[in-house]
1. Within the stretch B:281-296, is there a residue that is farther than 28 Å from A:Met164 by Cβ, surrounded by fewer than 17 Cβ atoms within 10 Å (Cβ to Cβ) and in contact (Cβ under 8 Å) with a residue 60 or more places away in the chain?
2. Scan the stretch B:7-66 for residues that are outside any helix (DSSP H, G or I) and in contact (Cβ under 8 Å) with a residue 40 or more places away in the chain and report the count.
3. For residues that are within 13 Å of chain B (Cβ to nearest Cβ) and small (Gly, Ala, Ser), scanning just the stretch A:55-105, find the one that is most open to solvent (accessible area, probe 1.4 Å).
4. Condition check: in contact (Cβ under 8 Å) with a residue 12 or more places away in the chain, within 16 Å of ligand 2 (Cβ to nearest atom) and open to solvent by 60 Å² or more (accessible area, probe 1.4 Å). Does A:Gly45 satisfy that?
5. Please work out if B:Phe178 is hydrophobic (A, V, I, L, M, F, W, C), in contact (Cβ under 8 Å) with a residue 60 or more places away in the chain, away from every other protein chain (no Cβ under 11 Å) and open to solvent by 40 Å² or more (accessible area, probe 1.4 Å).
6. Would you point out the residue of the stretch A:121-138, among those that are away from every other protein chain (no Cβ under 13 Å) and among the charged types (D, E, K, R), that is farthest from A:Met159 (Cα to Cα)?
7. Please determine whether any residue of the stretch A:107-120 is more than 10 Å from chain B (Cβ to nearest Cβ), more than 16 Å from ligand 2 (Cβ to nearest atom), at pLDDT below 90 and open to solvent by 40 Å² or more (accessible area, probe 1.4 Å).
8. Please tell me if B:Thr164 is under 26 Å from B:Ile260 (Cβ atoms), out of contact with any strand residue (DSSP E or B) (no Cβ under 6 Å at 6 or more places or on another chain) and open to solvent by less than 40 Å² (accessible area, probe 1.4 Å).
Amino acid sequence: MSAPLLDIRNLSIGFPAGKGEVLAVNDVNFSVAPRELVGIVGESGSGKSVTALAIIGLLPPNARVSGEIAFAGRNLVGLPQRQLRGLRGKEMGMIFQEPMTSLNPVFTVGDQIVEAVRAHEHMSLKAARDRATELLDKVGIPSPRRRLDDYPHQMSGGMRQRVMIAIALSSSPKLLIADEPTTALDVTIQAQLLDLLNGLREDFGTAIVLITHNMGVMAEIADRVVVMYCSRVVEEAGIFDLFDRPQHPYTEGLLGSTPDMGETAHRLTTIRGGMPNPADLPPGCLFAPRCDKAIAQCTTAQPPLFELGDGQKAACILAPKLQTEGAT
Amino acid sequence: MIGYTISRLLQAIPILLIVSLIAFGIIHLIPGDAATVIGGPSATPADLARIRENLGLDQPLHIQILTFYANLFQGDLGRSLLLGIPVTEAVLARSPITIGIAIYSLVLTIVFGLATGIIAALNHNRWIDQAATVFALIGVSLPNFWLALVMIVLFSVHLGWLPTGGYVPFTQNPIGWFRTATMPAVALALLQAGLLTRITRSTMLEVLSQDYIRTARAKGISEWRVVGRHALANVMMPVVTVLGLILSVLLSGSIVIETIFGIPGIGALLGNAIASRDYPMIQGGLFFITAALLLLNIVVDVLYTSLDPRIRVTGGK
Ligand SMILES: Nc1ncnc2c1ncn2[C@@H]1O[C@H](COP(=O)(O)OP(=O)(O)OP(=O)(O)O)[C@@H](O)[C@H]1O
Ligand SMILES: [Mg+2]
């Protein structure tokens with residue numbers, strides 16, 4: 001395997017809460033190879049967006065970050081904003097969940113793409129507009145030249161998200177972070193956009209970190225999936241292993257709550273209960289209170305992320321692969 | 001856009017007529033009348049009756065207002081009883097003075113209000129923010145005439161830097177104009193600047209938390225550009241909507257302030273007219289001020305619709 005483009009090690013992110021601090025991301029490790037599409041799943045509040053914002057350096061100033069985010073061999077944690085700004089929009093781009101509010105309502109979309117194009121490259125306005133037209137064309141917007149002068153409110157949600165993708169791609173970044181890019185859109189548009197994202201990997205050689213609730217989406221385009229639960233990574237696996245042999249009961253639950261492959265599942269209905277309050281965590285495995293298989297041992301110590309072979313990892317002492325390994 | 005402007009202008013006409021009617025009613029509620037002022041203390045009841053007849057004050061009220069409307073449609077606002085010249089002429093002669101000070105005051109308001117509000121928002125919850133909030137609170141709660149008097153005592157009486165009052169036309173002596181216009185302009189600006197600081201600060205805070213600001217930052221552009229272009233363009237819209245309100249407060253405040261500083265503008269003209277029961281002058285002066293405010297508010301609204309593309313394209317409300 002080639003050297004990873006993004007290598008996250010022992011990443012922890014805390015926010016001040018009352019007198020203390022609450023960890024939104026707790027000792028997270030994963031990596032992304034060039035051109036790879038890594039998915040992050042997990043229920044609401046598990047720390048997916050905070051992780052994404054940390055990568056691109058857009059956490060609010062009160063966030064405390066420790067650990068390492070190595071991007072193309074360079075640690076971004078603690079890097080001054082000036083240098084992070086040089087990477088943002090150039091080496092990495094990001095698209096967000098809300099296409100309706102992610103574009104500035106008072107500027108034309110052309111304006112906003114041109115700004116991104118010229119942020120890191122000296123270019124005449126004319127050349128930048130040509131490039132913007134090209135980008136709109138690439139992301140599948142018909143009659144792109146004319147669309148440049150549209151304001152965001154003149155476009156549908158799907159179109160706006162395409163514009164967001166065009167902005168994120170303006171300088172052919174090595175990494176694209178997509179935080180639930182299709183959640184707010186209807187199913188057909190969702191499928192088109194996912195196709196588009198997938199195609200970009202081939203055209204631009206971009207690696208993608210895709211955050212989604214939707215296991216069906218993962219099955220379709222992810223190479224590898226990181227499952228987060230309550231600020232931690234509980235499982236990581238290649239896409240086939242994940243679906244065929246999930247090792248963590250939480251992953252199993254997520255898969256069980258996906259009614260049918262390719263269909264949407266916004267709610268994780270089959271896992272009973274809710275995530276523990278991050279300010280008052282139970283001892284031991286954080287999933288134990290909701291786990292049908294939990295045994296006494298589960299509530300005594302936090303299980304580490306066990307290496308299970310084939311790049312699969314799970315933080316469960318009852319992981320089936322762990323059992324068979326122990327038997328042999 | 002043009003259709004919108006025209007319809008707004010047409011809507012202004014009934015408003016003007018109604019305001020004139022209200023003004024008329026209020027004027028006639030003030031005790032005493034022009035005849036007693038003109039006739040002086042020695043006038044006999046017969047003198048007063050003659051004066052009233054000359055002025056048409058003996059007519060029933062509804063005839064008086066109808067006469068006013070009839071003349072108005074011919075562009076005639078009557079003659080000032082006190083000055084003996086047409087009201088229109090008196091108003092036009094004085095208005096440049098008031099407009100000059102109003103513009104000066106508006107510039108101070110916008111510069112200080114916007115700057116303080118933006119700086120406060122960018123330093124949210126730090127001491128600069130708190131200082132700005134206190135400043136804004138003082139601004140909106142201090143009466144402007146009180147501030148005017150304090151400034152006169154401080155800068156004119158004690159320090160002797162500026163004259164206590166009077167007026168020098170700008171065309172005659174620009175420095176003299178600044179020396180006479182600065183204290184009135186500052187006194188008028190304080191309230192508005194406080195108001196504008198508050199609005200700018202809260203709008204800026206809200207805009208800065210919007211998704212499109214995060215998008216702008218994700219492009220890797222400078223923070224200057226994020227705030228100065230992406231945020232400010234969105235902050236300006238609500239700010240422009242309060243400009244109409246600010247102008248109204250400014251013009252009404254000028255009556256008191258011009259009187260304190262002895263500035264011969266519209267405010268002082270109207271103040272004197274009220275004191276001497278100069279009915280045509282009061283009625284005509286109020287008509288002009290109302291018309292000016294309506295017009296300014298229309299300008300502000302048209303400006304607003306041209307700032308916001310969401311309204312611009314759909315062609316106004
Ligand atoms: N600015 C912040 N200040 C304090 N706490 C925060 C902040 N941002 C996020 N958090 C907390 O961090 C935790 C993780 O949030 P995050 O947004 O990463 O969740 P998520 O996995 O993206 O959820 P969702 O699926 O709803 O988007 C949450 O408990 C949230 O309350
Ligand atoms: Mg999120």
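1. Yes, the stretch B:281-296 has at least one match.
2. Residues that pass the stated criteria total 4.
3. Ranking the qualifying residues of the stretch A:55-105, first place goes to A:Gly86.
4. Yes; evaluated as a whole, the condition is true for this residue.
5. On the way: hydrophobic (A, V, I, L, M, F, W, C): yes; in contact (Cβ under 8 Å) with a residue 60 or more places away in the chain: no; away from every other protein chain (no Cβ under 11 Å): yes; open to solvent by 40 Å² or more (accessible area, probe 1.4 Å): yes.
It is false that B:Phe178 is hydrophobic (A, V, I, L, M, F, W, C), in contact (Cβ under 8 Å) with a residue 60 or more places away in the chain, away from every other protein chain (no Cβ under 11 Å) and open to solvent by 40 Å² or more (accessible area, probe 1.4 Å).
6. Result: A:Lys126.
7. So far as the stretch A:107-120 goes, no, none of its residues is more than 10 Å from chain B (Cβ to nearest Cβ), more than 16 Å from ligand 2 (Cβ to nearest atom), at pLDDT below 90 and open to solvent by 40 Å² or more (accessible area, probe 1.4 Å).
8. When the stated conditions are applied, B:Thr164 does not pass them.
The values are calculated or read from the model by the stated rules, or taken from the named source; none is laboratory data. The structure presented is a predicted model; accordingly, all values stated were derived computationally and were not measured. No Cβ is skipped: glycine too gets one built from the backbone with ideal geometry, and neighbour counts run over all protein chains shown. Accessible surface areas use protein heavy atoms only, side chains included; no ligands, DNA or RNA. Shrake-Rupley method; radii C 1.70, N 1.55, O 1.52, S 1.80 Å.
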